[in-house]
Amino acid sequence: MPTALITGASAGLGAEFARQLARRRADLVLVARSEEALAELGAQLRSEYGVAVEIIAADLADESGVEKVAERLRDAADPVDLLVNNAGFGLPLQFADNDIDDEVRHLRVHVEASMRLMHAALQSMRGRGGRIINVASVAGFISRSTYSACKAWLIGFSRWANAEYGRDGVSVTALCPGFTHTSFHERMGLAVGEEGVPGIMWLNARDVVRVGLRDAARGKAVSVPSLRYKVIVALTRVLPSSLTSGVARRGRV
């Protein structure tokens, strides 16, 4: 059985990754801050699919939490075949008005934790083979405060790592969805329909994960799981940043 480790697994895209991988009979290592939520999801997946599920309660904004997960990724006796760096959260777009400690925590979870976990996974996967999926965002192609900056880093680093470590049998894919219906926005206090985003722009989590897993299996460096968002990404290459950033401000997240 292949083994997949998923961060931010208690809800949203992380939980959907867990369900789809369990359906494919992969054993799972689920990581999130809430041990209770992980235990509940793990029990469901064991019962429904008969897979092995290990849970790790860890806060990836904390160095000790990241090290706990990294140690599991370095375990050569029980290796992980797929790492999904999915943990994350959003902040209001007004950087100057945000608490700087919240911004630093945001950076640590999205960038530093992902980098450290990739480093640990690569030490185990090189030569043996494996896959890494970094959940980024279409926002990484658009100027949209620090969230975009973090996701742009993930995209750029994934492109390089996919080319560099492909020769060692490891693929690295940046999954770049647009707005996706999960609990992400609810945790920011935005109820469904109040996010300031047209309905046509929303994606389904099931489709996002399905396409992401497919593109990772194909060794793609970047996966944009929607034709309409592929068009948007293409337009960002030719439109001035002043225009794209102005459009990006229309959403409330």
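The values are calculated or read from the model by the stated rules, or taken from the named source; none is laboratory data. These numbers were taken from a predicted model, which means no experiment stands behind them. Cβ sites come from the backbone with ideal geometry, for glycine too, and all protein chains shown count toward neighbours. Keep in mind that these areas ignore ligands, DNA and RNA; they rest on the heavy atoms of the full protein, side chains included. Shrake-Rupley method; radii C 1.70, N 1.55, O 1.52, S 1.80 Å.
Condition check ((1) open to solvent by less than 20 Å² (accessible area, probe 1.4 Å); (2) touching a helix residue (DSSP H, G or I) at 6+ places or on another chain (Cβ under 7 Å)) across all residues:
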{"site": "20", "(1), (2)": "yes, yes"}
{"site": "38", "(1), (2)": "yes, no"}
{"site": "51", "(1), (2)": "yes, yes"}
{"site": "71", "(1), (2)": "no, no"}
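With respect to the numbered conditions (1) in a loop (DSSP other than H, G, I, E, B); (2) modelled with pLDDT of 85 or more; (3) aliphatic (A, V, I, L, M), which one is the sole condition not fulfilled by residue 238?
It fails just one condition, (2).
Within segment 147-178, which residues are surrounded by fewer than 19 Cβ atoms within 10 Å (Cβ to Cβ) and of a type outside the set (Phe, Trp, Tyr)?
Those that are surrounded by fewer than 19 Cβ atoms within 10 Å (Cβ to Cβ) and of a type outside the set (Phe, Trp, Tyr): 149, 156, 159, 163, 164, 166, 167, 168, 169.
Kindly list, by first and then second residue, each pair from a residue in segment 17-40 that is farther than 15 Å from residue 60 by Cα to a residue that is open to solvent by 100 Å² or more (accessible area, probe 1.4 Å), limited to pairs with Cβ atoms under 7 Å and residues at least 6 apart or on different chains.
Close Cβ pairs (under 7 Å, with a partner that is open to solvent by 100 Å² or more (accessible area, probe 1.4 Å)) amount to 20/210; 25/1; 26/1; 27/1.
Test of understanding: among 80, 84, 109, which residue is among the β-branched types (Val, Ile, Thr), open to solvent by less than 30 Å² (accessible area, probe 1.4 Å) and in a loop (DSSP other than H, G, I, E, B)?
Selected residue: 80, the only one of 80, 84, 109 that is among the β-branched types (Val, Ile, Thr), open to solvent by less than 30 Å² (accessible area, probe 1.4 Å) and in a loop (DSSP other than H, G, I, E, B).
If we keep just the residues of segment 120-149 that are over 14 Å from residue 166 (Cβ atoms) and assigned to a strand (DSSP E or B), which is farthest from the chain's Cα centre (by Cα)?
Ranking the candidates gives 133 first.
What's the number of the condition residue 47 fails, among (1) buried (at least 16 other Cβ atoms within 10 Å of the Cβ); (2) over 25 Å from residue 90 (Cβ atoms); (3) among the hydroxyl-bearing types (Ser, Thr, Tyr)?
Only one criterion in (1) buried (at least 16 other Cβ atoms within 10 Å of the Cβ); (2) over 25 Å from residue 90 (Cβ atoms); (3) among the hydroxyl-bearing types (Ser, Thr, Tyr) is unmet by residue 47, namely (1).
Tell me which residues, restricted to segment 89-116, are closer than 17 Å to residue 135 by Cα and either free of Cβ contacts under 8 Å to residues at least 24 places away in the same chain or touching a strand residue (DSSP E or B) at 6+ places or on another chain (Cβ under 6 Å) (or both).
Matches in segment 89-116: 114 only.
Filter segment 215-227 for residues that are surrounded by 13 or more Cβ atoms within 10 Å (Cβ to Cβ) and not in a strand (DSSP E or B) and give the result.
215, 216, 219, 220, 221, 224, 225, 226
Among the residues of segment 130-146, is there at least one that is open to solvent by less than 30 Å² (accessible area, probe 1.4 Å), under 23 Å from residue 230 (Cβ atoms) and among the polar types (S, T, N, Q)?
So far as segment 130-146 goes, yes, one or more of its residues are open to solvent by less than 30 Å² (accessible area, probe 1.4 Å), under 23 Å from residue 230 (Cβ atoms) and among the polar types (S, T, N, Q).
Yes/no per residue for (1) over 22 Å from residue 89 (Cβ atoms); (2) β-branched (Val, Ile, Thr); (3) at pLDDT 80 or above; (4) more than 17 Å from the chain's Cα centre (by Cα):
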residue	(1), (2), (3), (4)
193	no, no, no, yes
196	no, no, no, yes
205	no, no, yes, no
208	no, yes, yes, no
211	yes, yes, yes, no
214	yes, no, yes, no
223	no, no, yes, no
230	yes, no, yes, yes
